[in-house]
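Chemist: I have a structure here, written as structure tokens, and I will follow up with some questions on it.
Read-outs: derived from the displayed coordinates by stated rules, not from any lab. No experiment lies behind these values; they were computed from the predicted model shown. Neighbour counts are summed over all protein chains in view; Cβ atoms, including those assigned to glycine, are modelled from backbone coordinates with ideal geometry.
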Amino acid sequence: MDCHEKSTPEELKEQFNRDVENYVDLETGQTTTMDSQLVIDLIERSITATTPQAQSMCDIGCGGGNFALRVLKNFPNIEISLLDISPNMLHRAEERITKMGGKVVQKTEGDIRDVVLPQEAFDIITAAAVLHHLRTQSEWHLVMEKIYRALKPGGTFWIWDLVKYENPQLQQIQEKRYEEYLIQQDGEAFQKHIFARIAKADTPESSSFIFQAMLRAGFLQVDIIHKNALFCAIYGKK
């Protein structure tokens, strides 16, 4: 699933502007992602348990707002900041959050690599299916440092993303599992379409590298809360 010519930020923006409605199912999340419903439930419960004092959150790559809406269920007065490369996604997320009685205090159209986040401003930061668009390990380090600085002391960071395996044999086994999952979801043509999209648009890192980047940025606690095939949910606490 590798490709030399990766999607540019502008191409990704156009893709997500077109695909908004694929990212707005609060119950199931994205069916292209293994265990999406389980993980969105698990992260919702985990945020409530680990960060009960939360008053503010930032949803990086907010998409249609699924993760922000889940947090809002348990923190009805939380102040929500949204960040996405797609203006259509931002509009849809704000619309859904406002409809649920939530408060969007900041809406930023942009790339996490370029956006300046306020320091020690958020109790919770989420990043679901977005950081795999980072292209280099140095970009990962810069973004992790930025996220760490933006969290209040005791704040938590939640990643749910596509990952790779350092070992090529393990990568092959897990790719095969994902391939079988997609075929079961919607057939072989669907599977080939998703694999082609990943090859074009995504550059995932390994969960071990993400751990190292988070610890290097300063996180006191880092852990995996769920992993299946090429998908991993990771937690960090400042």
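Chemist: Would you pull out the residues with amide H under 5 Å of A121's amide H, same chain only if 5 or more places away, H placed 1.01 Å from N?
Modeler: L151, K152
Chemist: From the phi angles alone, apply the Karplus equation (6.51, -1.76, 1.60; θ = phi - 60°) to region 172-183 and give each ³J(HN,Hα) in whole Hz, x where the residue is Gly or Pro.
Modeler: Result, ordered by residue: 5, 4, 6, 4, 5, 4, 5, 4, 5, 4, 5, 4 Hz.
Chemist: May I pose another question? Over the chain, with a Gaussian network built from C-alpha contacts below 10 Å, which listed residue (L38, L134, L215) shows the highest mean-square fluctuation?
Modeler: Per the Cα network of the chain with a 10 Å cutoff, L38 tops the list.
Chemist: Give me Rg/Rg_expected for region 48-142, where Rg uses Cα atoms only and Rg_expected = 2.2 N^0.38 Å with N residues.
Modeler: Compactness ratio reported: 1.05.
Chemist: Next question. Go ahead and set up a Gaussian network model of the chain, Cα springs under 10 Å, then flag whichever of A129, A189, A150 fluctuates most.
Modeler: Ranking A129, A189, A150 by mean-square fluctuation puts A189 first.
Chemist: Be a star and scan region 46-74 for residues whose amide nitrogen sits under 19 Å from the point 7 Å along the Cα-to-Cβ vector of E109.
Modeler: Zone members listed by number: 59-65.
Chemist: Report the FRET efficiency, 1/(1 + (r/R0)^6), for Q171 and E139, where r is their Cβ-Cβ distance and R0 is 22 Å, rounded to 0.05.
Modeler: Efficiency, rounded to the nearest 0.05: 0.55.
Chemist: Springs between alpha-carbon pairs under 10 angstrom, Gaussian network model over the chain: which of S138, S207, S36 fluctuates most?
Modeler: S138
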